[in-house]
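Each remark here refers to the structure printed beneath this line.
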Amino acid sequence: MKRLFAILLILLPLALVGAQDEPLHVITTSNILADVARNVGGDRVMVDSLIPPGADGHAWQPTPSDVLKVARADLVLAVGVGYETFLGQLVENAADVPQVIVSSGIPILPFAGHDEAETAESTPEAGHDDAEYIGVYGEAGVCEDDHTQAATAEADHANEEAPGQCDPHVWTDPTNVMIWVDNIADALAQTDPANAEVYRANATAYQEQLAALDAEVAAMLAEVPEARRVLVTNHEFLGYFAHRYGFKVVGGILGATTLEEPDPQRLAALATEVKALGVPAIFAEVSANSPFAQVIAQEAGIRVVSNLYSESLSDINGPAATYLDYLRYNAQTIADALKPV
Ligand SMILES: [Zn+2]
């Protein structure tokens, strides 16, 4: 009996701790970000993404149940850089839930289709609260500014009027995702200081996997000779990938986001450039294909490779069920399409 009592004395505090020590409820916008957050949070977090697998993040709209999801979360993680045009209305109703922009600290690139003057001209605008800003340093001296702010109703409205000149698709470079990982570990540690060391250790382990992936992708792409390192995509989402691995982004059929209407003059110019450069293939995406890609490809006598993943992971049985698989799969698909036969 004495022994049983002793065991109970040992177990009771553990049971109490267990009961209070619920995992954090983390809401992310994209499901790519959710996968990264799960790797950092481990079993200390329950992560749910707003944008479901296979959906196009640029076109996605929240439902009333998403408003509840966000309001009940312990933490909201967003890409930033103007990516989440829908987030304003959601976070308005959840002012006490901390929101963290995970791209803070990443050098933000302009879209290839926009020149510097154009970007500078459209750079907003006084009157924001400094607290909303996340400092990000643009390499070319552009895009260093407001585009990383947390989504607000104001930003939401601004985005309707003029789509961002800065490219939000930072995750196509795994070294940027390593910065996400640091920011996520910090955010989780701040929300749940008791497990800060766990988050830090998970972050380091996952960053090692990302570094290995980066080397693996570089080796895959080494098969593509310099002259064939040209990317034409359906919408322009591979800017950071191109920057990391030495490719040239010729342009996007649709432009910066999947919501843009292609301009006939720009399409004609793109078709001419595709022929002149001898671009071997045009890449489209699972979540957003376009008949214009086919038209340009036909005219140039090349093919459309239509199975890249851009905004979203595949479902669990698909080839891009995790971020590591997503990047590996996209890189292999690009290498296969562009390397000489
Ligand atoms: Zn996109």
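The values are calculated or read from the model by the stated rules, or taken from the named source; none is laboratory data. None of these values were measured; they are calculated from a predicted model. Cβ atoms come from the backbone with ideal geometry, glycine included; neighbour counts cover every protein chain shown. In case anyone asks, the SASA skips ligands and DNA or RNA and just uses the protein heavy atoms, side chains included. Shrake-Rupley method; radii C 1.70, N 1.55, O 1.52, S 1.80 Å.
Collect the residues in the range 226-239 that are open to solvent by less than 20 Å² (accessible area, probe 1.4 Å) and small (Gly, Ala, Ser), keeping them in residue-number order.
Residue satisfying the conditions is Gly239 alone.
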Looking at (1) within 16 Å of the ligand (Cβ to nearest atom); (2) farther than 19 Å from Val170 by Cα, which is the only condition Leu308 fails? (2)
Within the range 320-341, residues being open to solvent by 60 Å² or more (accessible area, probe 1.4 Å) and free of Cβ contacts under 8 Å to residues at least 12 places away in the same chain number 2
Could we say that Pro264 is open to solvent by 10 Å² or more (accessible area, probe 1.4 Å), outside the structural domain of Ile51 (by TED's automatic domain parsing) and at pLDDT 90 or above here? no
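What about Ile316, is it open to solvent by 20 Å² or more (accessible area, probe 1.4 Å), away from the ligand (no atom under 16 Å from the Cβ) and not in a strand (DSSP E or B)?
It is true that Ile316 is open to solvent by 20 Å² or more (accessible area, probe 1.4 Å), away from the ligand (no atom under 16 Å from the Cβ) and not in a strand (DSSP E or B).
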From (1) within 30 Å of Pro340 (Cβ to Cβ); (2) of a type outside the set (Gly, Ala, Ser); (3) touching a Ser or Thr at 6+ places or on another chain (Cβ under 8 Å), pick out the condition that doesn't hold for His243. (3)
For the range 39-46, does any single residue satisfy the condition of being open to solvent by less than 60 Å² (accessible area, probe 1.4 Å) and either within 12 Å of the chain's Cα centre (by Cα) or closer than 17 Å to Leu87 by Cβ (or both)? no
From the set of residues in the range 224-270 that are assigned to a helix (DSSP H, G or I) and hydrophobic (A, V, I, L, M, F, W, C), which is nearest to the ligand (Cβ to nearest atom)? Phe241
Go through the range 271-286 and give me each residue that's within 13 Å of the ligand (Cβ to nearest atom) and among the β-branched types (Val, Ile, Thr). Val286
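Only one residue in Ala212, Ala218, Ala242 is closer than 17 Å to Tyr329 by Cα and loosely packed, with under 13 Cβ neighbours inside 10 Å. Which one?
Numbers: Ala218 fails: loosely packed, with under 13 Cβ neighbours inside 10 Å; Ala242 fails: loosely packed, with under 13 Cβ neighbours inside 10 Å.
Ala212 is the lone residue from the list that is closer than 17 Å to Tyr329 by Cα and loosely packed, with under 13 Cβ neighbours inside 10 Å.
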Scan the range 303-315 residue by residue and report those that are aliphatic (A, V, I, L, M) and either outside the structural domain of Ala242 (by TED's automatic domain parsing) or without any contact (Cβ under 8 Å) to a residue 40 or more places away in the chain (or both). Val304, Val305
Tell me which residues, restricted to the range 267-302, are without any contact (Cβ under 8 Å) to a residue 12 or more places away in the chain and within 27 Å of the chain's Cα centre (by Cα). Pro291, Gln294
Checked the range 36-64 for anything at pLDDT 95 or above, over 16 Å from Val100 (Cα atoms) and in a helix (DSSP H, G or I); matches are Asn39, Gly42, Asp43, Arg44
